[in-house]
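Below is one structure; the comments refer to it alone.
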Amino acid sequence: MEVEVKLRLPDAAAHQLLSDALTSSHRCTHLQENIFFDGPSGELSAAFAALRLRFYGSDSRCVLSLKSRPVLSAGISRVEEIEEDIDPSIGRACVAEPWRLTALASSSNIMKKVVQEYRLGGEEKNSLTCLGGFKNVRAVYDWKEGLVLELDETSFSFGTVYEVECETTDPERTKVLLEGFLKEVGVPYVYSQSNKFGLFRAGKLLP
């Protein structure tokens, strides 16, 4: 189970203000491309699941993930997640020909789960389809009390979203700490109401 505090920033100015306040704790910045897949009849979406390939930088890394049963309330996100690294060249081949993902079921626990639980793969009519995706610039910061902040600038075809996220085992306390810090440095925010995949599927910038 992945548990995160997720706060939405209103605009690029707020994003820059927070970036400036965190400069001394900056660890790295990732350029991410996120590509999603579903069955021909939306089998994964109907089960509140999302299958994703995430490429880093110039395809230096590729991560396959399956997220399911997401719950987002009062700025705290909970979702079941499985991740596996795969060869980036194989990932690109799967984007071009999505059926290749189900062919990985013999070596991938994620794809085995997709094939067995969601009954996708095998016959061509049950193969996966590529939904497209979006790009994200993620700045990572080593914050206080061992917490790591992720500052996102996510570019969709219909607009840009700015968020700060923090994975934690104590979300209520972390939310208090993060909200206090944002107020201290004068960064406006609201609780995120939708995850990035939800925005992508909606095709618009929801609150």
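The values are calculated or read from the model by the stated rules, or taken from the named source; none is laboratory data. For clarity, every value in this text was computed on a predicted model and none was experimentally measured. As a convention, Cβ positions derive from the backbone with ideal geometry for all residues, glycine included, and neighbour counts pool all protein chains shown. When the accessible area is computed, the model is the full protein with side chains, heavy atoms only, and any ligands, DNA or RNA have been set aside. Shrake-Rupley method; radii C 1.70, N 1.55, O 1.52, S 1.80 Å.
Figures for the structure shown
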| quantity | calculated |
| --- | --- |
| Equivalent-ellipsoid semi-axes of the range 52-163, from the Cα gyration tensor, Å, largest first | 28, 17, 15 |
| Modelled FRET efficiency - R0 41 Å, R119 with S58, Cβ distances, 0.05 increments | 0.70 |
| Three-way shape call for the range 142-207 based on the alpha-carbon gyration tensor, with the a/c threshold at 1.5 | prolate |
| Evaluated at q = 0.13, 0.16, 0.26 Å⁻¹: base-10 log I(q)/I(0), Debye formula over Cα of the range 105-178 | -0.71, -0.83, -1.05 |
| Charge dipole (the chain, unit charges on Cβ, about Cα centre) - positive-most of L178, V63, Q116 | Q116 |
| Computed over the chain, Cα set: Rg, Dmax in Å | 17.7, 57 |
| Given 15 as the ceiling on other Cβ atoms within 10 Å, longest exposed-site-free region of the chain for trypsin sites (Lys or Arg not before Pro) in DSSP loops | 1-118 |
| Volume in Å³ per residue [convex hull over Cα atoms, computed for the range 1-107] | 154 Å³ |
| Extension gain from R78 to E167, taking 0.36 nm per residue of separation minus the Cα-Cα distance | 31.1 nm |
| Length added when fully stretched, F48-A13, from 0.36 nm per residue minus Cα-Cα | 9.3 nm |
| Percent of Cα pairs exceeding the 12 Å cut-off, where the set is the range 1-56 | 79 percent |
| L72 - accessible surface, heavy atoms, 1.4 Å probe, Å² rounded to 10 | 50 Å² |
| The range 26-78: C-alpha pair distances exceeding 12 Å, % | 71 percent |
